[in-house]
Structure formats: structure tokens, C-alpha cells
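One structure below.
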């Protein structure tokens with residue numbers, strides 16, 4: 001599945017002053033006429049006490065037991081100020097409202113794998129074990145440079161046992177290769193959604209306090225894709241005839 005326009009997504013989440021719109025600047029090596037990247041922004045407000053999501057959503061992005069590949073490109077602008085606040089750009093998430101473990105109840109929506117920027121570094125994680133506990137393995141992917149398009153491609157065998165695997169390529173280079181590991185929490189067969197964009201996580205998690213002095217954050221994302229094999233989702237391969245013929249494809253998996 002290739003997502004070429006905002007209306008192709010299953011959900012748009014724009015909280016408070018958050019905004020999602022087409023970016024009028026450059027795209028990631030686009031072979032398509034009139035194609036535009038998507039701009040995501042959020043604005044800090046010390047009088048606001050909610051979350052700061054600006055994300056597009058894809059339903060049914062995985063279920064435990066599936067093997068799926070994902071790809072996208074992103075760019076942060078020159079004016080981006082690096083701080084210790086976590087800025088989530090991708091997350092898989094499911095609704096666990098009513099979930100129970102050993103007499104304890106779930107906490108509504110809860111994410112598994114995430115990708116985020118913190119400082120000038122890009123991170124990801126694998127989450128495993130209990131839904132009600134944070135059993136995570138974190139990975140530092142690479143440095144992030146400003147005003148440069150970066151590609152992220154990853155494949156996952158989603159499993160709550162040790163037969164799972166997780167591979168991630170950053171700017172064409174293999175950055176993570178984990179095998180024989182659990183890659184998702186121990187759950188039932190409920191689907192996880194995929195969200196991409198800008199979620200200013202720590203503006204909410206740190207009690208409404210922002211680090212640094214940049215109240216508005218903006219990121220650009222392009223070439224969002226999800227599929228059953230690597231070549232379908234790699235942003236560098238969008239000139240392949242498959243992508244040219246299928247660029248308007250929008251079907252549920």
C-alpha cells in the first residue's frame with residue numbers, strides 16, 4: 001500500500017494547534033508530477049494540558065504473527081532546535097481499553113514500536129512482554145541532520161515469542177538487525193494502527209513543560225508505504241514500474 005495524499009489515510013489526528021497540510025517545498029526524489037510531501041506541525045501552549053498529536057493514521061498495520069515492511073522519508077527544517085524533548089514521528093498503537101492481566105485493567109491506547117527524535121539522534125524501540133508494563137529494548141539509529149531528506153525502511157516479524165525479528169535501514173544502510181526476539185507485547189489478535197507525523201510526546205509527559213525555547217516544531221514526511229516485501233516500501237525504489245503503475249493504490253491489507 002502506497003499513500004500518496006492526505007485523504008488516503010484512515011485517520012487524521014490534529015490536537016490543539018496541531019496542523020497537517022501539504023508541504024510546498026521539495027520532496028524526496030519524487031518521480032511523480034505534482035507530488036507533494038506532508039507537513040506536520042505542533043505548537044506548545046503552557047495553558048494547554050492535553051497531548052500534542054499531529055499524525056496521519058493507517059488502520060490494521062499489523063497483527064501478531066504477521067511479517068510486514070514499512071518505509072517513509074522525513075526531513076526536519078533548518079530552524080529545528082535540538083532539545084532533550086522526545087518528538088515521536090512514528091508509532092504503532094492499539095486500544096487496550098478493558099484489557100486485564102492478573103486482575104489489573106488496561107490503560108486504553110498503548111504503543112508498541114516507536115521511532116522518535118531526541119536531541120540530534122534518531123531512536124527506535126521494540127516492546128515486548130506485558131501490555132501493562134514497559135518492557136522495552138531501545139536502539140540508537142543514527143544522527144539526524146537538518147534540511148536533508150532521510151529514508152527509513154524496516155521489516156518486522158511481529159511475534160510475542162523469541163521467533164520474531166526486526167531489521168531497519170537508515171539512508172540505505174542497515175542500522176538494526178535483531179533476530180530471535182519478541183517484537184510485540186503478549187496480546188490477543190487485535191490489530192495495531194500505524195501513526196506517522198509529529199507527536200510532541202514530552203510536552204505532555206513532562207507535566208506540560210517544554211525544554212528549550214522553540215514553541216513550534218515542524219517536520220516533513222514523504223513516501224509512506226507498507227507492504228509484504230522490502231522493494232515495495234523503499235523510498236529509493238519508487239521509480240520502479242510497480243510504483244509508477246500503483247501510485248494511486250489504496251487498499252486495505
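How about the stretch 143-164: which of its residues are closer than 24 Å to residue 193 by Cβ and under 18 Å from the mean Cα position of the chain (by Cα)?
Once the filter is applied, which keeps residues that are closer than 24 Å to residue 193 by Cβ and under 18 Å from the mean Cα position of the chain (by Cα), the stretch 143-164 yields 150, 151, 152, 153, 154, 155, 156, 157, 158.
For the stretch 126-136, give me each residue that is buried (at least 19 other Cβ atoms within 10 Å of the Cβ) and under 17 Å from the mean Cα position of the chain (by Cα).
Residues satisfying the conditions are 126, 127.
Could you check, for the stretch 13-27, whether at least one of its residues is touching a strand residue (DSSP E or B) at 6+ places or on another chain (Cβ under 8 Å) and under 14 Å from residue 225 (Cα atoms)?
Checked against the condition, which is being touching a strand residue (DSSP E or B) at 6+ places or on another chain (Cβ under 8 Å) and under 14 Å from residue 225 (Cα atoms), the stretch 13-27 yields no hits at all.
Collect the residues in the stretch 197-210 that are crowded, with 18+ Cβ neighbours inside 10 Å and either without any contact (Cβ under 8 Å) to a residue 24 or more places away in the chain or farther than 20 Å from residue 47 by Cβ (or both), keeping them in residue-number order.
Of all residues in the stretch 197-210, those crowded, with 18+ Cβ neighbours inside 10 Å come to 197-203, 210.
Those that are crowded, with 18+ Cβ neighbours inside 10 Å and either without any contact (Cβ under 8 Å) to a residue 24 or more places away in the chain or farther than 20 Å from residue 47 by Cβ (or both): 197, 198.
Quick test for you: out of 47, 78, 97, 102, pick the one residue that is closer than 24 Å to residue 124 by Cα and over 14 Å from the mean Cα position of the chain (by Cα).
Details: 47 fails: closer than 24 Å to residue 124 by Cα; 97 fails: closer than 24 Å to residue 124 by Cα; 102 fails: closer than 24 Å to residue 124 by Cα.
The unique qualifying residue is 78.
Taking the condition of being in a strand (DSSP E or B) and surrounded by fewer than 17 Cβ atoms within 10 Å (Cβ to Cβ), how many residues in the stretch 167-196 meet it?
The qualifying residues number 8.
Please enumerate the residues belonging to the stretch 31-56 that are at pLDDT 85 or above and surrounded by fewer than 15 Cβ atoms within 10 Å (Cβ to Cβ). Lay out the reasoning, then the answer.
We begin by selecting, within the stretch 31-56, every residue at pLDDT 85 or above; these are 36-56.
If the condition is that a residue be at pLDDT 85 or above and surrounded by fewer than 15 Cβ atoms within 10 Å (Cβ to Cβ), then 46, 47, 49, 50 are the ones that fit.
Do we find that residue 28 is at pLDDT 95 or above and either within 21 Å of residue 144 (Cβ to Cβ) or in a strand (DSSP E or B) (or both) in this structure? Break it down into steps so the answer makes sense when it comes.
Numbers: at pLDDT 95 or above: no; either within 21 Å of residue 144 (Cβ to Cβ) or in a strand (DSSP E or B) (or both): yes.
Taking the combined requirement at face value, the residue does not satisfy it.
Which one of 164, 155 is surrounded by fewer than 22 Cβ atoms within 10 Å (Cβ to Cβ) and modelled with pLDDT of 95 or more? Steps first, answer last, please.
Working: 164 fails: surrounded by fewer than 22 Cβ atoms within 10 Å (Cβ to Cβ).
After applying the criteria, what remains is 155.
The values are calculated or read from the model by the stated rules, or taken from the named source; none is laboratory data. If you're wondering where the values come from, they're calculated on a predicted model, not measured in any experiment. As a convention, Cβ positions derive from the backbone with ideal geometry for all residues, glycine included, and neighbour counts pool all protein chains shown.
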